[in-house]
Amino acid sequence: MERKTFFVDVILPLALPKLLTYRVPFELNDLVVPGIRVVVQLGRAKLYTGIVRHVHESVPEYPAKYLEGILDDEALVNERQFKLWEWMAGYYMCTLGEVMNAALPSSLKLASETKVVLNEDWNRDDSQLSDKEFLVTEALQLQQVLTLKEVSEILDQNSVMPIIKKLIEHGVVFTEEDLRQRYKPKIEEFLLLTEDGCDDHFLQQTFDALEKRAPKQLEMLMAFFHQTGSVPNAEREISKIALQKAVNGQSTLTQKLLERGVLRVEQREVGRLDDSELASLQPRKFNDSQEDAYAEILKHWEEKDVVLLHGITGSGKTEIYVKLIQEALDNGGQVLYLLPEIALTTQIINRLKKYFGVRIGVYHSKFNQNERVEIWNEVLNRRSGRFDVVLGARSALFLPFSDLRLVIVDEEHESSYKQYDPAPRYNARDMSLVLGKLHKAKILMGSATPAVESYWNAKENNYGLVDLKTRFGGINLPEIQCADIRKELQHKTMKGIFTSFLINKIEEALKAGEQIILFQNRRGYAPLWQCNVCGHVPECKRCDVKLTYHKHSHQLKCHYCGYSQNPPTQCAACESPDIKMVGFGTEKIEEEIELLFPKASVQRMDLDTTRSKHGYQRIINDFEVGLIDILVGTQMVTKGLDFDNVGLVGVLNADQMINFPDFRSLERSFSLMTQVAGRAGRRHKRGLVVIQTYTPDHWVIQKVMSNDYIGLYEQEALERRNFQYPPYFRLIKLALKHRDRHLADIGAIELTNMLKEKLGERVLGPEIPYIGRINNLYIRNIMIKIERNVSPKAAKAIVQTAINSLKSQPDYKSARIVIDVDPN
């Protein structure tokens, strides 16, 4: 039988304009299929993990290198995923390699530059290791970090990725990125009976001895049997903490029982979702509004695949989601529940796992890579019944679903669904529609303040539209009042950064035993340190931006590039020591509130306090159980959270949001204020919202006060039609970045002229953005507005040709041109 020569087109995690073709060694002919990972050489010595896209017999125009090896027994990426990747690369004007980079956890993308480190928790059992695996571990014990290239030299062989893959699977090594992202797993101690302790005669002797000499130990041992219920002795177990809580006992009592040989202790890792936690709740009975909304959704789905659920805050949207998820699971399907931010998964997962137990999994970037690979494999294989429902931020779109029936996009208006850097700069809300279409799945988008584009699509009959206008339990929407900063300044009644009106309301809420949320969309202590004599403000050395003061670290910091410096003791311009802090961030609010209300427990929730994996969860849990009286936060506090006892919400500076120079700023201001207002009065009584502003008569604030989303939508839609913005026009934003200011200017003008030759007045710019230099790169923006009836594919081809033409010139080879389709 004649042997065939096969070739494979391989996707590499690099921004390459097309796929590279490699030759398959004859011995691998039967093993190579689309979707598996292969090891390939690029250039002289670099090895990469790639994904096979096509297997064929067409000889390429260039001499094809051989594959170095195969890493998988079966496909890791399915055909629907490939179609999603290809659609994304075409629409967002990026490469398949960049999409692959975003899609796969980095443990699945080993390269010769990848660094591996020894897992400090490895039990040092090397009996399962091959000779070569043992050599690598021995080298890592002597040298803490090795690149794959160094491993290759130690073993004297080219392809070492299969060996590293095995070591990762055995838990012997981590990639360095995993180590950076790795958190110490939560370890809990469990108490079980020893072998002797399971013997009735031994137990009776122990009880008799304790009754005479150690009544406290007897009480704890009796509690152990009581708490573990009527199960065989060998199956009795309880967490050490739970047993000590049950009898208000100390750990010394537990230690005594361990010494007596009746109990033994086991340390166990408590994972993302405790597998012992089974579904314990049935879905709640709907009220009339929910019943009607549910029926409407099903009716719309008969004709359309996408439905927009416009439900006011506290209307019970989650209960509808729960019922629809259950129906999808009953039909044997998978469900993707998208949330805009990792932060939101904390509270919602606690609610959903009460309904779905271990069938629900969480997938987002705060988990280390090994955990993400575990979920990837569970979703791919579907062998254990776990993770049929995946809750995650935008990266969960890329999971290898095989039978997706339902996609829920919660808080669909959120700008966090947009990926900003690096490419692909996709919007997960929009991509969920493509994913749903590929799987023939139904899509439900929910929000109290839908994006203007989404509501327009519903009004144009592209989506079904369902309204949910009453709060669950008949609770009224919060009362919204304005505190006029101008008047209080005139009457000199301001208390620092707070109006006396807000202070009085905080006092009333604390006396009533209610909790308070204070919202300010700026972290740090004070935005500016300004000289009182000449007005000079310290700036970042690498960006065109003022430095923000952070009191906790006593540093002036740039929020764009990370540059920091110590606060000056005198002005750098005129040397005057008379320097004052101007403006306020969450840190300053926290400090002033603690001074005004010393008996209240105050906590701040912003990027600085929630950097750790469980930082956000800890704050949310403390607030839920009442350990925090006043929560000060940035927009994190607006995100779909549900607290029982919030009586007052304060918005400290509405004008800052409204006056931001962006065509979406009014829509975002309305959303943020409405969402944060929705945290008030969610359970037992009507809440109060106080908005501090210099312009209480501003039309957006008036719309917030009357909860008039339709009025906001109509006004915004009118202005966007007049000024050619989405949803009536499509936008493509180009940002040319260069270290040389002059070349940035000249290059941007040249690119604009090339585009105008083909696209005419649709091209605007170039212009210097709000921040014209970041990390020593000068930025010039070009905006292209394309009518909805013009072919976006043709327009993108023109844009790509112009960019390629500019980049081919020697002066602009080092220029970076960032393409952002549908900028947010």
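Evaluate the following for Ser671: is it closer than 23 Å to Asn824 by Cβ, in contact with a His (Cβ under 8 Å, 6 or more places away or on another chain) and small (Gly, Ala, Ser)? Give the steps one after another, and end with the answer.
Numbers: closer than 23 Å to Asn824 by Cβ: yes; in contact with a His (Cβ under 8 Å, 6 or more places away or on another chain): yes; small (Gly, Ala, Ser): yes.
In short, yes.
Output the residue which, of all residues in segment 740-769 that are within 23 Å of Asn722 (Cβ to Cβ) and under 35 Å from the mean Cα position of the chain (by Cα), is most open to solvent (accessible area, probe 1.4 Å).
Here is the first cut: in segment 740-769, the ones within 23 Å of Asn722 (Cβ to Cβ) are 756, 759-765, 767.
Those still in the list that are under 35 Å from the mean Cα position of the chain (by Cα) too: 762-765, 767.
Values: Arg762: 74, Val763: 3, Leu764: 79, Gly765: 36, Glu767: 106 Å².
Filtering first and then ranking leaves Glu767.
Just a yes or no: is a residue in segment 37-57 of a type in the set (Phe, Trp, Tyr) and either open to solvent by 70 Å² or more (accessible area, probe 1.4 Å) or in a loop (DSSP other than H, G, I, E, B) (or both)? Let's see the steps before the verdict.
First, the residues of segment 37-57 that are of a type in the set (Phe, Trp, Tyr): 48.
Of the ones still in play, those that are also either open to solvent by 70 Å² or more (accessible area, probe 1.4 Å) or in a loop (DSSP other than H, G, I, E, B) (or both) are none.
The answer is no, given that none of the residues of segment 37-57 is of a type in the set (Phe, Trp, Tyr) and either open to solvent by 70 Å² or more (accessible area, probe 1.4 Å) or in a loop (DSSP other than H, G, I, E, B) (or both).
Test of understanding: among Lys184, Lys216, which residue is modelled with pLDDT of 85 or more and open to solvent by 90 Å² or more (accessible area, probe 1.4 Å)?
Numbers: Lys184 fails: modelled with pLDDT of 85 or more.
Just a single option satisfies the conditions, and that option is Lys216.
Would you be able to say whether some residue in segment 193-208 is of a type in the set (Gly, Ala, Ser) and either open to solvent by 40 Å² or more (accessible area, probe 1.4 Å) or modelled with pLDDT under 85 (or both)?
From segment 193-208, those of a type in the set (Gly, Ala, Ser) are 197; that's our starting set.
Then keep just the ones that are either open to solvent by 40 Å² or more (accessible area, probe 1.4 Å) or modelled with pLDDT under 85 (or both); that gives none.
Scanning segment 193-208 turns up no residue that is of a type in the set (Gly, Ala, Ser) and either open to solvent by 40 Å² or more (accessible area, probe 1.4 Å) or modelled with pLDDT under 85 (or both).
Looking only at strands (runs of 3 or more DSSP E) that lie completely in segment 623-736, which have at least 3 residues being under 26 Å from the mean Cα position of the chain (by Cα) and under 26 Å from Asp410 (Cβ atoms)?
On the way: elements: 630-633, 646-651, 688-693.
Ranges flagged: 630-633, 646-651.
Could you list, in sequence order, all residues of segment 780-824 that are open to solvent by 20 Å² or more (accessible area, probe 1.4 Å), part of a strand (DSSP E or B) and acidic (Asp, Glu)?
Answer for segment 780-824, where residues must be open to solvent by 20 Å² or more (accessible area, probe 1.4 Å), part of a strand (DSSP E or B) and acidic (Asp, Glu): just Glu787.
Of all the residues that make up segment 513-544, how many are open to solvent by 30 Å² or more (accessible area, probe 1.4 Å), at pLDDT below 90 and aliphatic (A, V, I, L, M)?
The number of residues fulfilling the criteria is 1.
Please find, among Ser107, Ser152, the residue that is crowded, with 21+ Cβ neighbours inside 10 Å and either basic (Lys, Arg) or part of a helix (DSSP H, G or I) (or both). Even if it seems obvious, please write down each step before you answer.
On the way: Ser152 fails: crowded, with 21+ Cβ neighbours inside 10 Å.
On inspection, the qualifying residue turns out to be Ser107.
Testing Asn653 on (1) within 20 Å of Asp708 (Cα to Cα); (2) in contact (Cβ under 8 Å) with a residue 60 or more places away in the chain, one condition comes back false. Which one is that?
Result: Asn653 fails condition (1) only.
Quick check on Val8: is it at pLDDT below 95 and crowded, with 18+ Cβ neighbours inside 10 Å? I'd like the intermediate steps shown before the answer.
Numbers: at pLDDT below 95: no; crowded, with 18+ Cβ neighbours inside 10 Å: yes.
The answer is no for Val8.
For Ser130, are the conditions met, namely being open to solvent by 10 Å² or more (accessible area, probe 1.4 Å) and closer than 28 Å to Leu380 by Cα?
Values: open to solvent by 10 Å² or more (accessible area, probe 1.4 Å): yes; closer than 28 Å to Leu380 by Cα: no.
Spelling it out, it is not the case that Ser130 is open to solvent by 10 Å² or more (accessible area, probe 1.4 Å) and closer than 28 Å to Leu380 by Cα.
Which condition number in (1) within 20 Å of Val689 (Cβ to Cβ); (2) touching a Lys or Arg at 6+ places or on another chain (Cβ under 8 Å) is the one that Asn504 fails?
Result: Asn504 fails condition (2) only.
In segment 673-690, is there at least one residue being out of contact with any helix residue (DSSP H, G or I) (no Cβ under 7 Å at 6 or more places or on another chain), under 29 Å from Arg720 (Cβ atoms), at pLDDT 85 or above and open to solvent by less than 20 Å² (accessible area, probe 1.4 Å)?
No, there is no match, as no residue in segment 673-690 is out of contact with any helix residue (DSSP H, G or I) (no Cβ under 7 Å at 6 or more places or on another chain), under 29 Å from Arg720 (Cβ atoms), at pLDDT 85 or above and open to solvent by less than 20 Å² (accessible area, probe 1.4 Å).
Any idea how many residues of segment 472-495 are open to solvent by less than 50 Å² (accessible area, probe 1.4 Å) and either closer than 19 Å to Lys703 by Cα or assigned to a helix (DSSP H, G or I) (or both)?
8
So how many residues does segment 558-574 have that are more than 14 Å from Val537 (Cβ to Cβ), open to solvent by less than 70 Å² (accessible area, probe 1.4 Å) and not hydroxyl-bearing (Ser, Thr, Tyr)?
2
What about Leu556, is it on the phi < 0 side of the Ramachandran plot and assigned to a strand (DSSP E or B)?
For Leu556, the condition - on the phi < 0 side of the Ramachandran plot and assigned to a strand (DSSP E or B) - is met.
Kindly evaluate Trp122 against the criterion of being among the aromatic types (Phe, Trp, Tyr), in a loop (DSSP other than H, G, I, E, B), surrounded by 15 or more Cβ atoms within 10 Å (Cβ to Cβ) and out of contact with any His (no Cβ under 6 Å at 6 or more places or on another chain).
On the way: among the aromatic types (Phe, Trp, Tyr): yes; in a loop (DSSP other than H, G, I, E, B): yes; surrounded by 15 or more Cβ atoms within 10 Å (Cβ to Cβ): yes; out of contact with any His (no Cβ under 6 Å at 6 or more places or on another chain): yes.
Spelling it out, Trp122 is indeed among the aromatic types (Phe, Trp, Tyr), in a loop (DSSP other than H, G, I, E, B), surrounded by 15 or more Cβ atoms within 10 Å (Cβ to Cβ) and out of contact with any His (no Cβ under 6 Å at 6 or more places or on another chain).
Each row is one residue, and each column tells you yes or no for (1) among the charged types (D, E, K, R); (2) more than 16 Å from the chain's Cα centre (by Cα).
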site: Val389; (1), (2): no, yes
site: Ile408; (1), (2): no, no
site: Lys442; (1), (2): yes, yes
site: Lys469; (1), (2): yes, yes
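Residues in segment 110-119 that are assigned to a loop (DSSP other than H, G, I, E, B) and open to solvent by less than 30 Å² (accessible area, probe 1.4 Å): how many? Step through it out loud before you land on a result.
Of the residues in segment 110-119, the ones assigned to a loop (DSSP other than H, G, I, E, B) are 110, 112-114, 119.
Right, trim to open to solvent by less than 30 Å² (accessible area, probe 1.4 Å) and you get 110, 112, 114, 119.
Count: 4.
Does Lys733 count as open to solvent by less than 70 Å² (accessible area, probe 1.4 Å), within 30 Å of Ile517 (Cα to Cα) and of a type in the set (Lys, Arg)? First the steps, then the outcome.
Numbers: open to solvent by less than 70 Å² (accessible area, probe 1.4 Å): yes; within 30 Å of Ile517 (Cα to Cα): no; of a type in the set (Lys, Arg): yes.
So Lys733 fails the test.
The values are calculated or read from the model by the stated rules, or taken from the named source; none is laboratory data. Note that the structure is predicted; figures quoted are calculated from it, not measured. Reconstructed Cβ throughout: ideal geometry from the backbone, glycine too, with neighbour counts over all protein chains shown. All accessible areas refer to the heavy atoms of the entire protein, side chains included, with ligands and DNA or RNA removed. Shrake-Rupley method; radii C 1.70, N 1.55, O 1.52, S 1.80 Å.
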